[in-house]
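Values in this text are rule-based calculations from the coordinates and carry no lab data. The shown structure was predicted, so the numbers you read here are calculated from the model rather than taken from an experiment. Cβ coordinates were reconstructed from backbone atoms using ideal geometry, including for glycine residues, and neighbour counts include every protein chain displayed.
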Amino acid sequence: MSLIDRLFSVDRRWIFLFVMLAVAVPILFPLGLPVTTTGSTRAAFEYIESLHAGDIVWLSYDYGPSSAPENDPMAEAFLRHCFVKDVRVVMCALYPLGGLSLMNASAARVAREFPEKKYGTDYVNLGYKDGPEAVMRRLGENIADAFPTDVNGTPIEGMPIFQGIRTIGQFKVVFTVATGLIGEYWITLVNAQFGTPVIIGPTAVSAPKYYAFLNSGQLKGMLGGMKGAAEYEQLLARAYPAMSEFYHRTRLFTGTKGMDAQTGIHAVIVGFIFLGNVAFLLARRREGRA
């Protein structure tokens, strides 16, 4: 059998095997491939970097399980950045399909990395609330009206983290990790009405529509898809070398690992496209000679 016939008769199971290896190997053994940083991600990072110890921010989990591989790394990178800066974080979930469970798991993972952070003082989990538009309006009037208790049923009034804090307008920024329309609500309702700056972390397919908000100044920054999460992780690693060593050793930079896997898959696809075209051109050449 000639080389051309062998190329045309490759068993598709070999393709599946190469794709599996391209995903599995970078996940198990991260390559740490460099990622170019976009301006929107850098703007988000620098905005948080400009905050001071004791400042307070809002982190909203506005996505479900279907986009968790893209959105989880964003939320966790942002939370790590806030913790290392000693910035206080209030978390909530407004997405109805799995938002609460994703927030609980994500927050627990990062909290274990920072055992010195005290719940109720440095961060708090307010749980899930239905009706995002109505919730946001109540946040502008009184946070305790929208979330009387935290996820454990403890009244938020009297918690140290809320001392001197009454409305969303007193927060330095809202970071909405979003899929669907909830991210837009934070921009058009909270930012427009109460003046709270907003940073958004949408899925890659949703990111293009938010550039209009960036260009108009309604967003302070944006992390676009898994690449945006990887960019933020690498900015965090460069700014805090000691933390970078820990996270690379423990392989917790999931956005960077995801981009390694995507790069591997793309390389496999390009390789097979190249081989297919070579086989096609060689076959045409053989036919012409015949």
Within region 201-215, can you find the residues that are within 14 Å of Y185 (Cα to Cα), touching a residue at least 12 places away in the same chain (Cβ under 8 Å) and part of a helix (DSSP H, G or I)? Y210, F213
With more than 23 Å from V90 (Cα to Cα) and over 13 Å from the mean Cα position of the chain (by Cα) as the only criterion, which of K209, K227, K172, K220 stands out? K209
For region 45-68, does any single residue satisfy the condition of being surrounded by 22 or more Cβ atoms within 10 Å (Cβ to Cβ) and of a type in the set (D, E, K, R)? yes
Which residue pairs have Cβ atoms under 6 Å apart, sit 6 or more places apart or on different chains, and have a first residue in region 11-35 that is closer than 17 Å to F253 by Cβ and a second that is among the hydroxyl-bearing types (S, T, Y)? L33/T263
